[in-house]
1. Lys/Arg Cβ at +1, Asp/Glu Cβ at -1, dipole of the stretch 1-154 taken about the Cα centre: which of Asn143, Gly128, Gln86 is farthest positive-ward?
2. Pulled fully out, how much extra length does the chain show between Glu408 and Ala369, if you take 0.36 nm times their separation in residues and subtract their Cα-Cα distance?
3. Ignoring ligands, DNA and RNA, what percent of the 1.4 Å accessible area of the stretch 56-172 is carbon and sulfur?
4. Which shape class, rounded, prolate or oblate, goes with the stretch 187-246 when its Cα gyration tensor gives a ≥ b ≥ c as root eigenvalues, a/c under 1.5 marks rounded, and past that a/b bigger than b/c marks prolate?
5. Once you've got the Cα coordinates, tell me which of Lys268/Lys384; Lys103/Lys290; Lys193/Lys225; Lys25/Lys384; Lys110/Lys346 are over 26 Å apart.
6. Show me the ranking of peptides 335-346, 136-147, 152-163 by mean Cβ neighbours inside 10 Å, starting with the highest.
7. Taking the Cα centroid of the stretch 1-74 and of the stretch 99-128, what is the distance between the two, rounded to the nearest whole Å?
8. By DSSP, what percent of the beta bridges with both residues in the stretch 1-147 are antiparallel, rounded to the nearest 5?
Amino acid sequence: MALIVAKFGGTSVADVERIERAAEKIVREVEAGNQVAVVVSAMSGVTNTLVGYCGEISKLHDLREYDVVVSSGEQITSGLMAMALQKRGIAARSWLGWQIPFKTNDMHGKARITDIQTEELKKRLGSGEVAVVPGFQGITEANRISTLGRGGSDTSAVALAAALEADRCDIYTDVDGVYTTDPRIVPQARKIKKISFEEMIELASLGSKVLQTRSVEIAMKQGVKLQVLSSFEDHIGSDMPGTLVVQESEIMEEELVSGIACSRDEAKITLLRVSDVPGVASKVFSPLGKAGVNVDMIVQNVSADGQFTDMTFTVSRADLPRALEVVEKLEEVEYEKILSSDNVSKVSVVGVGMISHPGVAEKMFTTLANKGINIQVISTSEIKISVLIEEDYTELAVRALHAAYGLEETA
Ligand code: ADP
Ligand code: ASP
Ligand code: MG
């Protein structure tokens, strides 16, 4: 007998029929003698619609109210999932984020879980009741509803698995595992049977939305056994059904490059002719940090005349209006003009093996040059290289790089 947290993403609960299919998987787990907590996302498309409503009212809406609106999709699917289980003779009930509670900090729109009370849940699971928990949502110290950032139901599931000391956290989604790149962009992408936490964190944070980054960080830190599975296929009986996310030491063959990620959730801001004096970067980026805007890539040109420089940085697309508002109000920084664009995307090559292989970067730049793709910004770490390019070239870049590093499935 095992304690399992099973999470179903948006496409896996997209309508009543799919909710019933997901419920069948839970029935199988219960019949096998397992205790199960189910975490559900909103029906696919619902969260986008809700986010859209908020933007229609105001680009700079109150994020506490945004959370009240966007968390509601998960409430619907939890009730429906509990009903579908009850219909199949399973004792089940829903537990909204505030009822458990899932406590979070007060960074509305991208809150972090601080504590999950599991006493009552554990008791009920022990008596054979299935708990159905909406992903994505929590409650702050100030008693306000919070959400965990887009894709946050993965994090709800892993954090719940850690708090319950579950034997496994199964992430059911619309692909049967983690691939060398998004299989919707490159159909020849190869399924990775085991991927290290480090590489998965990097891929996720660079745009492979199959898992939310924070969920993998929590799994790594808390030792949660995490696997990605298809909700549309039957995995019971198969010995290698999806992708296991494991410690690096458990991986036998280390690849030079393990995957290509891309993110369209990018926007860039350039400050033209900023005064080139000490402290200017801190005066630009501190207020952005205080406004809850995460800055990702940064380039500052070497000042030719010692007086002025251009500074470019990227933020997530959703943060662009907020970031521009902050930058336009900067008082202590002098610059000539602000330029901004959200017609950009970030493409990244990831692999733990690249630390010791300098040729990886060269291959990336040559491949993009051969396709006539202009690189606007570059950033690197030990296990990744990212470039910012014009959005229209995203898919071309991903396909070309996937082929250049020989990542395709071989027959
Ligand atoms: P869910 O609604 O189940 O949370 P998501 O849409 O968030 O599902 O994540 C699954 C999607 O992630 C897939 O449909 C796929 O298009 C995309 N994806 C991006 N990169 C990868 C990758 N490397 N491997 C698998 N899927 C990926
Ligand atoms: N429904 C939320 C979203 O679309 C959370 C999730 O599905 O993980 O971002
Ligand atoms: Mg997701």
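The values are calculated or read from the model by the stated rules, or taken from the named source; none is laboratory data. No experiment lies behind these values; they were computed from the predicted model shown. For neighbour counting, all protein chains shown are included, and Cβ atoms are generated from backbone atoms with ideal geometry for every residue, glycine included. Accessible surface areas use protein heavy atoms only, side chains included; no ligands, DNA or RNA. Shrake-Rupley method; radii C 1.70, N 1.55, O 1.52, S 1.80 Å.
1. Ranked along the dipole, the leading option is Gly128.
2. Additional length available on full extension: 11.9 nm.
3. 50
4. oblate
5. Lys25/Lys384
6. 152-163, 136-147, 335-346
7. 16
8. The answer is about 30 percent antiparallel.
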